[in-house]
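The block underneath contains the structure these notes are about, expressed in structure tokens.
Every number here is computed from the coordinates shown, using simple stated rules; none is lab data. Owing to the predicted nature of the structure, the values given are computational and were not obtained by experimental measurement. Because the Cβ atoms are built from the backbone with ideal geometry, glycine has one as well, and the counts that use them run over all protein chains shown.
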Amino acid sequence: MLRKENTGLIIIDIQGKLAGLVHDSEALLANCKKLIKGAQALDLPIIWLEQNPDKLGPTVEKLSSLLKTQQPIAKFTFDACEEPQFMQAVRTENVDTWLICGIEAHICVYQSALNLKRTGFEVQLVSDCISSRTLANKNLAVSKLLNNGIEITGLEMCLYELLRDCRAAEFKEILGLIK
């Protein structure tokens, strides 16, 4: 069960033209925006990544505008765990469970989630907050990650699991995101 005291959010490579080319991109961006706002409402640590930003472009404005208080971590390897600055950030946050959203599910999301799990963290893939250019590749990534011990969750499911109680101070804000 997710708990806000030990959970953080990792945003992987939702950048440039590719963000508009992935399967169901409008829903992906809308869901990721809700997930980021929910994580902020619950005061979760957020780590934000960009793959080769000089070539692929920056994170889409719809999401980067929500993250103005921090800077993305640039990476060039598909597996974020191979980027020392990322691993330092993950360890500094002092949480043991990470929610993951981003693109592309079968490349950077897959490799990063799998190796984050292998380094000892619990990982939950937010299934309606990931995508690939094709639905088949997204489904392949989800299947392989599930078979490798990565838990699968959804936007609404993880936010309410973290919230736990309708009397929580953040309830109305989370409810407003979901409705």
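Couple of notes before you dig in:
- For the stretch 4-178, the Stokes-Einstein estimate of translational diffusion at 25 °C and a viscosity of 0.890 mPa s comes to 155 µm²/s, using the Kirkwood hydrodynamic radius over alpha-carbon pairs.
- Per-residue Cβ neighbour rank within 10 angstrom, fewest leading, L175, L145: L175, L145
- Taking Cα centre as origin and charging only the Cβ of basic (Lys, Arg, +1) and acidic (Asp, Glu, -1) residues, the dipole magnitude of the chain rounds to 220 debye.
- Semi-axis lengths, Å, the stretch 98-179, gyration tensor of Cα atoms, sqrt of 5 times eigenvalues: 26, 15, 9
- Positive-end residue, the chain charge dipole about Cα centroid, Cβ charges, pick of Q88, I174, I12: I174
- Its relative contact order, with pairs defined as Cα atoms under 8 Å and 6+ residues apart, puts the chain at 28 percent.
- Distance between the stretch 81-97 and the stretch 1-48 - C-alpha centres, whole angstrom: 17 Å
- When the pairs K17/K172; K4/K55; K17/K37; K75/K172; K55/K179 are compared against a 32 Å limit on Cα-Cα distance, K17/K172; K4/K55; K75/K172; K55/K179 fall above it.
- For L114, neighbours were defined as the other residues whose beta-carbon sits under 11 Å from its Cβ, and their charges (Lys and Arg +1, Asp and Glu -1) total +2.
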